[in-house]
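Accompanying notes for the structure given below.
The values are calculated or read from the model by the stated rules, or taken from the named source; none is laboratory data. Bear in mind that the values here come from a model prediction, so they are computed numbers and not experimental data. Cβ: placed from backbone, ideal geometry, glycine included. Neighbour counts: every protein chain shown.
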Ligand code: TYC
């Protein structure tokens with residue numbers, strides 16, 4: 001019978017499960033001054049969203065105060081948030097993206 005003589009070795013004590021990297025949220029924060037269209041442009045340019053998704057996320061932040069843009073590894077989340085904040089600063093708007101750990 002195939003497989004009959006297979007010996008199943010127990011995992012060595014030292015074999016450790018690799019922890020999944022902790023995930024972080026990039027949060028889009030609402031403000032009263034940044035034009036809606038500019039927020040959508042930034043979401044499209046930095047987070048590769050299409051027009052419809054960008055507008056939906058922008059409107060979520062506009063209506064509820066904030067919106068989760070993406071959940072990813074810490075370094076990526078921080079790089080993206082900085083890129084987006086830099087675009088806002090360059091354009092003279094107070095638009096703010098923040099990063100926080102996912103529960
Ligand atoms: N509230 C802004 C306005 O009315 C638009 C806006 C939406 C700004 C979402 C920031 O994250 C934001 N012009």
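Of note:
- Selection within the stretch 42-58: residues that are away from the ligand (no atom under 12 Å from the Cβ) and part of a helix (DSSP H, G or I). The member of this set that is surrounded by the most Cβ atoms within 10 Å (Cβ to Cβ) is 46.
- Any pair with Cβ under 6 angstrom, 6 or more apart, that starts in the stretch 6-27 at a residue that is surrounded by 10 or more Cβ atoms within 10 Å (Cβ to Cβ) and ends at one that is in a loop (DSSP other than H, G, I, E, B) and at pLDDT 65 or above: 23/102; 25/102
- Among the candidates 91, 61, 67, residue that is under 12 Å from the mean Cα position of the chain (by Cα) and either within 15 Å of the ligand (Cβ to nearest atom) or at pLDDT below 95 (or both): 67
- Candidate set from the stretch 23-41 (those that are more than 18 Å from residue 64 (Cα to Cα) and either near the ligand (Cβ under 6 Å from one of its atoms) or assigned to a strand (DSSP E or B) (or both)); member that is nearest to the chain's Cα centre (by Cα): 24
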